[in-house]
Structures are given as C-alpha cells and as structure tokens.
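S.K.: Sharing a structure with you now.
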Amino acid sequence: MDLTELQRIAKLLRLCKETDACVQLVRFLDEAQAAIDNRMPDKSKDHRAAIHYLLECQTRKDWLALADALEYELPEFYQSLGVFDDDNVS
C-alpha cells in the first residue's frame, strides 16, 4: 500500500469509473485506518475526519472533488503523519 494507489483511484474517478474507484478506495482507507490505529492511535480521529469529507464527496457524487482530494489533499495528510514512505510518492 502506497500513495500512488490514491493517484490510480483518482484517475479512475476522472475516467468515470466510480464503482471500481470506490471499491479500491474502501480497501485503501481500511488499510490506512488500521495502520494509523496501530502506529499512532492519537491521530485516528483526524483520519476519520478526512474520511468523512471523502464520504461527503461520494454522497454528492462529486467525483472531481473526490479525485482532487485523493490526489492532492490526502497524500499531504498521510505524509504529515509519516504513515507512508516518501519513496512511494511520485
């Protein structure tokens, strides 16, 4: 699991492949939440807030906002926490 996966999911959203993107996104977020819960439980609440924003985009079917958040905002959040190696970011 690395941040390039978020870029792939964002690309699927931009190609109007919402179903595939959402399935992959759930898988990614579950793994990320588990990693945060194990490594830095004090940041779990912040991660859940980020997920809430993503779900709001999904509920509105605002696929471009969701893609932007996945490609730009969420990677910054994860990098600030040090959840992923910087080597996996392009």
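S.K.: So which residues in region 61-72 are free of Cβ contacts under 8 Å to residues at least 60 places away in the same chain, assigned to a helix (DSSP H, G or I) and surrounded by 14 or more Cβ atoms within 10 Å (Cβ to Cβ)?
M.R.: Keep residues of region 61-72 that are free of Cβ contacts under 8 Å to residues at least 60 places away in the same chain, which gives 61-69, 72.
From the residues that got through so far, the ones that are assigned to a helix (DSSP H, G or I) too are 63-69, 72.
Within region 61-72, W63, A65, L66, A67, D68, A69 meet the criteria.
S.K.: Quickly run through region 1-11 and pick out the residues that are under 14 Å from L74 (Cα atoms) and assigned to a helix (DSSP H, G or I).
M.R.: T4, E5, L6, Q7, R8, I9, A10
S.K.: Take the residues of region 24-60 that are without any contact (Cβ under 8 Å) to a residue 24 or more places away in the chain and among the charged types (D, E, K, R): which is farthest from L81 (Cα to Cα)?
M.R.: The residue in question is R60.
S.K.: Also, I was wondering about something else. In region 12-23, which residues are free of Cβ contacts under 8 Å to residues at least 24 places away in the same chain, in a helix (DSSP H, G or I) and surrounded by fewer than 17 Cβ atoms within 10 Å (Cβ to Cβ)?
M.R.: Of everything in region 12-23, those that are free of Cβ contacts under 8 Å to residues at least 24 places away in the same chain, in a helix (DSSP H, G or I) and surrounded by fewer than 17 Cβ atoms within 10 Å (Cβ to Cβ) turn out to be T19, D20, V23.
Throughout, read-outs are computed from the coordinates displayed, never taken from laboratory work. Keep in mind it's a predicted model, so treat the numbers as computed, not measured. Positions of Cβ are generated from backbone atoms using ideal geometry, with glycine treated the same way; all protein chains shown enter the neighbour counts.
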